[in-house]
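So the structure is just underneath, and the comments pick up after that.
The values are calculated or read from the model by the stated rules, or taken from the named source; none is laboratory data. Computed from a predicted structure; not experimentally measured. Positions of Cβ are backbone-derived with ideal geometry, glycine not excepted, and every protein chain shown enters the neighbour counts. Accessible surface is based on the protein model in full, side chains and every heavy atom, while ligands, DNA and RNA are left aside. Shrake-Rupley method; radii C 1.70, N 1.55, O 1.52, S 1.80 Å.
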Amino acid sequence: MYIFGEKWRRKPYSREILANLLYGPSCVSLDYALHYHGLIPERVEALTSVTPKRGARFSTPVGLFLYSSVPEAGFSVGLCRVELEDGRAFLIAAPEKALADKLKQGRGLGIRSQKECLAYLVDDLRIEAATLGGLDTGLLDALAQAYRSPRVALLAKLVRRLVRGKR
């Protein structure tokens with residue numbers, strides 16, 4: 001893949017579009033998507049994505065692109081298409097999918113209860129608890145089923161509890 005230099009480029013390139021094109025099928029997810037959607041405060045330098053294929057890593061002059069493998073059954077659940085002003089578009093995980101991917105990817109987290117899940121989300125990822133209450137539990141349930149993930153199912157139950165607590 002080639003990107004024209006600044007002198008010859010007609011419009012700026014999009015790292016998110018490059019991530020979709022560099023290794024596919026893929027969608028922007030995990031830490032990058034969590035930051036993009038405003039869930040985590042940290043700036044994320046590497047562009048993180050998920051794919052139903054093997055994971056991969058590409059270090060390029062425009063940045064580091066990391067791809068993590070997710071089960072094919074859940075790859076397309078929770079995808080969003082973001083269109084740029086010039087009509088170009090890229091695929092990115094919805095906030096719920098980005099969180100589910102993060103939990104699915106995290107080996108050795110030791111999350112077995114809603115309390116441990118909340119502690120991980122609030123203390124480790126620094127997500128506001130109030131933000132969690134705004135997530136779509138239906139989408140989280142669909143992701144838990146597609147990934148067959150107890151941790152994602154715990155997240156769905158936790159969010160449901162937080163929504164009930166708001167009322």
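Checking each residue in segment 42-92 for being farther than 24 Å from GLY138 by Cβ and among the hydrophobic types (A, V, I, L, M, F, W, C) picks out VAL44, ALA46, LEU47, ALA56, PHE58, VAL62, LEU64, PHE65, LEU66, LEU84, ALA89, PHE90.
Just one residue in the set GLU42, GLU6 is touching a Lys or Arg at 6+ places or on another chain (Cβ under 9 Å) and on the phi < 0 side of the Ramachandran plot; that residue is GLU42. Which ones in segment 91-116 are polar (S, T, N, Q) and under 18 Å from LEU162 (Cα atoms)? Within segment 91-116, SER113, GLN114 meet the criteria. The set of residues in segment 130-140 that are assigned to a loop (DSSP other than H, G, I, E, B) and open to solvent by 40 Å² or more (accessible area, probe 1.4 Å) comprises GLY134, ASP136. Quick one: is LEU34 modelled with pLDDT of 95 or more, under 22 Å from THR131 (Cα atoms) and touching a Cys at 6+ places or on another chain (Cβ under 8 Å)? Considered against the rule, which asks whether it is modelled with pLDDT of 95 or more, under 22 Å from THR131 (Cα atoms) and touching a Cys at 6+ places or on another chain (Cβ under 8 Å), LEU34 comes out as no. Screening GLY55, GLY74 for residues that are within 17 Å of GLN105 (Cβ to Cβ), under 14 Å from the mean Cα position of the chain (by Cα), at pLDDT 90 or above and not β-branched (Val, Ile, Thr) leaves exactly one candidate, GLY74. Scanning segment 30-58 for residues that are in contact with a Phe, Trp or Tyr (Cβ under 8 Å, 6 or more places away or on another chain) and of a type in the set (Gly, Ala, Ser) returns ALA46, SER49, GLY55, ALA56. Quick check: is even one residue across segment 116-129 over 17 Å from the mean Cα position of the chain (by Cα), among the charged types (D, E, K, R) and open to solvent by 30 Å² or more (accessible area, probe 1.4 Å)? Looking through segment 116-129, at least one residue is over 17 Å from the mean Cα position of the chain (by Cα), among the charged types (D, E, K, R) and open to solvent by 30 Å² or more (accessible area, probe 1.4 Å). Has segment 29-37 got at least one residue that is out of contact with any helix residue (DSSP H, G or I) (no Cβ under 6 Å at 6 or more places or on another chain) and surrounded by fewer than 16 Cβ atoms within 10 Å (Cβ to Cβ)? No, because not a single residue in segment 29-37 is out of contact with any helix residue (DSSP H, G or I) (no Cβ under 6 Å at 6 or more places or on another chain) and surrounded by fewer than 16 Cβ atoms within 10 Å (Cβ to Cβ).
Identify, please: which residue in segment 39-69 is in contact (Cβ under 8 Å) with a residue 24 or more places away in the chain and in a loop (DSSP other than H, G, I, E, B) and is, among those, farthest from GLY24 (Cα to Cα)? Checked segment 39-69; the qualifying residue farthest from GLY24 (Cα to Cα) is PRO41. Annotation: of all residues in segment 70-102 being assigned to a strand (DSSP E or B) and out of contact with any helix residue (DSSP H, G or I) (no Cβ under 9 Å at 6 or more places or on another chain), the one that is most open to solvent (accessible area, probe 1.4 Å) is ARG81.
Of the residues screened, GLY63 is one that is modelled with pLDDT under 95, surrounded by fewer than 18 Cβ atoms within 10 Å (Cβ to Cβ) and in contact with a helix residue (DSSP H, G or I) (Cβ under 9 Å, 6 or more places away or on another chain). In this entry, ARG161 passes the filter for residues that are of a type in the set (Lys, Arg) and in contact (Cβ under 8 Å) with a residue 40 or more places away in the chain.
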